[in-house]
1. For the chain, what is the relative contact order in percent, using Cα pairs closer than 8 Å and at least 6 residues apart in sequence?
2. Quickly estimate the mean residue ellipticity at 222 nm for the chain, helices only: each DSSP H run with n ≥ 4 gives -39500 (n - 2.57), and the total goes over all residues, rounded to 500.
3. Sorted by average packing, counted as other Cβ atoms within 10 angstrom per residue and highest first, what order do 85-96, 63-74 take?
4. Please work out the C-alpha center-to-center distance from the stretch 64-86 to the stretch 124-178 and express it in whole Å.
5. Once phi is turned into ³J(HN,Hα) by the Karplus curve 6.51 cos²θ - 1.76 cosθ + 1.60 with θ = phi - 60°, what whole-Hz value does each residue of the stretch 25-36 show in order, with x for glycine and proline?
6. What's the extension gain from residue 173 to residue 45 if we count 0.36 nm per residue and subtract their Cα-Cα distance?
7. Can you tell me the order of 144-155, 164-175 when each peptide is scored by its average per-residue count of other Cβ atoms within 10 angstrom, highest first?
8. Binning at 10 Å from 0, report for the stretch 136-178 what percent of all alpha-carbon pair distances ends up in each bin.
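Read-outs throughout are calculated quantities, based only on the coordinates presented, and are distinct from any laboratory measurement. Just so we're clear, the structure is a prediction, and the values are computed from it rather than from any experiment. Cβ placement follows ideal geometry from the backbone for every residue including glycine, while neighbour counts extend to all protein chains displayed.
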Amino acid sequence: MILTDQQILDEIENGNILIEPFRPECLGTNSYDVHLGRYLATYKDRVLDAKGHNKIDHFEIPQEGIVLHPGTLYLGVTEEYTETHAHVPFLEGKSSTGRLGIDIHATAGKGDVGFCNTWTLEISVSQPVRVYFGMPIGQLIYFVIAGEVKTMYNKKKNAKYSARTIKPVESMMWKNKF
């Protein structure tokens with residue numbers, strides 16, 4: 001079951017969902033619109049290594065925006081910091097974003113119960129497109145869970161993406177044992 005606008009507001013009031021900053025006009029019928037944060041990043045190396053710590057370069061989106069190009073993976077971040085304590089949050093692209101040829105995540109659209117942070121975006125584009133800080137980039141959808149959660153994401157010792165940040169975070173695959 002997906003939360004409706006009123007249920008999202010109720011869960012914010014109950015402390016189960018936090019969205020900062022919260023803007024009432026961004027609340028949809030059953031979602032909440034999130035915006036592109038101030039920073040993007042790209043990997044320093046063209047060839048990435050799943051067992052290695054691949055370093056990134058952060059850069060700020062200028063006032064006039066920045067043109068993204070096909071063939072490059074851009075890491076972005078949401079302007080909004082979120083906390084979800086009793087639901088599974090999903091981040092999906094907006095239709096307006098998709099119609100510009102912008103994909104905001106390669107595979108990581110689902111958050112975990114207990115995820116407390118900004119969302120790193122895995123941005124790719126099908127043709128050159130100019131993007132801007134603060135533009136609507138995606139929407140959060142909240143799913144009801146069935147059952148009790150044994151360990152919330154923000155309480156896991158091995159949680160790789162729990163340090164609060166306003167910048168995109170590179171892959172931490174290198175921390176896995178394989």
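1. Relative contact order here is 30 percent.
2. Mean residue ellipticity, 222 nm, calculated: -1500 deg cm²/dmol.
3. Highest mean packing first, the order is 85-96, 63-74.
4. 10 Å
5. 5, 8, 7, x, 4, 8, 7, 10, 6, 10, 10, 5
6. 44.5 nm
7. Per-residue mean Cβ counts within 10 Å order the peptides as 164-175, 144-155.
8. Pair shares across the bins are 18, 36, 38, 7.
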